Amino acid sequence: MGSNPTLGAYLLLSSLLCLLFGVGASGLRLNYYSKSCPRAEAIVKEEVQKLYNEHGNTAVSWVRNLFHDCMVKSCDASLLLETRNTIVSEQASERSFGMRNFKYVTTIKEALERECPATVSCADVIALSARDGVALLGGPHIPMKTGRRDSKESYVDVVEQFIPNHNDTISLVLSRFKSMGISAESTVALLGAHSVGRVHCGNLVGRLYPTIDPTIDPAYAKYLRYRCPSPNPDPKDVVYARNDRETPMILDNMYYKNLLRNKGLLLVDQQLVSDPSLSPFVKKMAANNAYFHDRFSTALLLLSENNPLVGNQGEIRKDCRFVNAE
């Protein structure tokens, strides 16, 4: 079969345009709102900064929102839907235990609606706020693409099939990320998000009672039992331990340094060291914070582009909590 010069020229032009405008295979692109809402990304950044100044822990919430939304089928803001009519919120799932600050997403969305009504999706609010949250936590600036649209349904019935549990085996966690095209090394980098924030004692006591997990450093175990004195903490009680005691609100490689000292907080964390195929990645990231940031940035971008709704799919919600009225 002979070559087609016209087709070849078209494909070359298409490739160049994709590089120029940052269009990925997902259909997302950089600066998607440059014409329809030129200040969209600036507004999100401004609101995220204001909320961070008032409530520093919101920065961690923005990152966690991206994880939980994008891991369940699609990056489509299904996580933000509240229970109403036939919809049961994904926030009711046990996997959403401890998540908070959803009300501040509404604050960001309201600012966008005042500037550009019915234009910026809630799914892009999740992505952009995560980008800005990472930066506020001392992490890398991530060139996040936009153009996502919002789901009209909740996936509460399948959340537990998509989001791993903190007590799951690392092989299960790896397989879940692999299904999204995320490699083992990138999974290790993504778990570095556990460098910030805190964990409720209900997710820790299995390693502390009735006997202490022998993989935990003894002095650290003593501290954790002090933070979590009951083997059966009330889920409503504010009892927790910091993921990282030294730099608890900085997204850095201290997470990996702690793992090498047997100070991993969750069972899934410590398994990164005990697995011989993963421990070299832990050591490399522990030794080089810039390398961790680079790997984390790449991995978070992949996660943020997991099967998004684009084009005419879904909708642009006016209120992130509810689907638009038909």
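Just so you know, all these numbers are worked out from the coordinates, no wet-lab data involved. This is a predicted model, so every value here is computed, not measured. Heads up, the Cβs are rebuilt from the backbone with ideal geometry, glycines too, and the neighbour counts pull from every protein chain shown.
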- Query: Within the stretch 309-325, which residues are among the aliphatic types (A, V, I, L, M) and assigned to a loop (DSSP other than H, G, I, E, B)?
  - Reply: Val310, Ile316, Val323, Ala325
- Query: How many residues are in contact with an Asp or Glu (Cβ under 9 Å, 6 or more places away or on another chain) and closer than 21 Å to Ser74 by Cα if we restrict to the stretch 190-205?
  - Reply: 1
- Item | Total residues in the stretch 207-220, condition free of Cβ contacts under 8 Å to residues at least 40 places away in the same chain, in contact with a Lys or Arg (Cβ under 8 Å, 6 or more places away or on another chain) and either buried (at least 18 other Cβ atoms within 10 Å of the Cβ) or not in a loop (DSSP other than H, G, I, E, B) (or both) | 1
- Message: Among the residues in the stretch 202-223, are any more than 16 Å from Asp269 (Cβ to Cβ) and of a type in the set (D, E, K, R)?
- Response: yes
- Query: Any chance the stretch 215-231 includes a residue that's under 22 Å from the mean Cα position of the chain (by Cα) and not aliphatic (A, V, I, L, M)?
  - Reply: no
- Among the residues of the stretch 98-151, count how many are of a type in the set (A, V, I, L, M, F, W, C) and assigned to a helix (DSSP H, G or I). 15
- Message: Looking at the stretch 173-196, can you tell me whether even one residue there is assigned to a helix (DSSP H, G or I), more than 20 Å from the chain's Cα centre (by Cα), in contact (Cβ under 8 Å) with a residue 24 or more places away in the chain and at negative phi?
- Response: no
- Task: Only residues that are small (Gly, Ala, Ser) and surrounded by fewer than 20 Cβ atoms within 10 Å (Cβ to Cβ): list them for the stretch 263-285, please.
- Result: Ser274, Ser277, Ser279
